[in-house]
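Student: Mind looking over this structure? Questions follow.
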Amino acid sequence: MIIYHKIDNFIFSLFNIQSEDEGKLIEAAKQFYSFQGMEPTVSISEGLLKIELNEKASNQANQEFRKVLDLCNSRQFEAAKPLIESIIKDSPQVSEFHRVYGQILSELGDNQEEAQNELIDALKWDPNNEWALLMMGNILVKEKNDIDGALKYYDQILETNPEENITLNNIGAVTAL
């Protein structure tokens, strides 16, 4: 698996790096993407952070994830929570697993900071995960009344999908506040 992140303010904020120090970014990426005894190859070239991982495919994780989604669709978030935690422990490299976990935590009313942390992890694995970006923006508006912060995440969606209707609707709603 290869993950690319555009080098910009957004990527530095995802990794909680205050300065635009590319060396610190590489080290943070190596630390985050190391799992199960495997360290990624991380480099910067042509304005992109490139992370190369050796990925183990897990068909079982995908089957278990379908169970989690079924439970979530039935609003059985308490039952889904331990399943998704187990899946992430074995397969932390899947963005959508973190996104769904963040949504479960948010739906349960658990600590919204934990929900945000999971969504940030989802974005570290896939910076274009539109649902994770949208949820981050929504949580920032709803829980913290942080419109500027929310717009930062909504804008990331519009960079790759400028006509995304849900995002445009949310921008309209929050800017009307």
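Student: When the helices in the chain are scored as -39500 (n - 2.57) per DSSP H run of 4 or longer and the sum is shared across all residues, what 222 nm value do you end up with, to the nearest 500 deg cm²/dmol?
Tutor: Rounded to the nearest 500, it is -20500 deg cm²/dmol.
Student: Moving on. With a 1.4 Å probe and every protein chain kept in, tell me what percent of the accessible surface of the chain is carbon plus sulfur.
Tutor: 44 percent
Student: What does the charge count near TYR101 come to, summing +1 for each Lys or Arg and -1 for each Asp or Glu among other residues with Cβ under 10 Å from its Cβ? Provide the component values of the computation, followed by the final result.
Tutor: Working: positive: LYS81, ARG99; negative: GLU85, GLU96, GLU114, GLU118, ASP121.
Spelling it out: positives minus negatives among the neighbours equals -3.
Student: With a 1.4 Å probe and every protein chain left in place, work out the accessible area per residue of the stretch 130-177 in Å², rounded to a whole number.
Tutor: Solvent-accessible surface per residue comes out at 56 Å².
Student: Right, another one. Ignoring ligands, DNA and RNA, how do TRP131, TRP125 rank by accessible area with a 1.4 Å probe, largest first?
Tutor: Descending order: TRP131, TRP125.
Student: Just one of (1) 15.5, 44; (2) 16.5, 49; (3) 20.9, 84 is Rg and Dmax of the Cα atoms in Å as worked out from the coordinates here. Which one is it?
Tutor: Correct label is (2).
Student: So what is the relative contact order of the stretch 71-177, in percent, for Cα pairs below 8 Å that sit 6 or more residues apart?
Tutor: On the way: 113 pairs, mean separation 18.2, N = 107.
Relative contact order of the stretch 71-177: 17 percent.
Student: Where the only charges are on Cβ atoms (+1 Lys, Arg; -1 Asp, Glu), what is the dipole of the chain about its Cα centre, to the nearest 20 debye?
Tutor: Roughly 340 debye, rounded to the nearest 20.
The values are calculated or read from the model by the stated rules, or taken from the named source; none is laboratory data. Since we're looking at a predicted model, the values are computed, not measured. Cβ coordinates were reconstructed from backbone atoms using ideal geometry, including for glycine residues, and neighbour counts include every protein chain displayed. Just the protein is used for accessible areas: all its heavy atoms, side chains included, with ligands, DNA and RNA removed. Shrake-Rupley method; radii C 1.70, N 1.55, O 1.52, S 1.80 Å.
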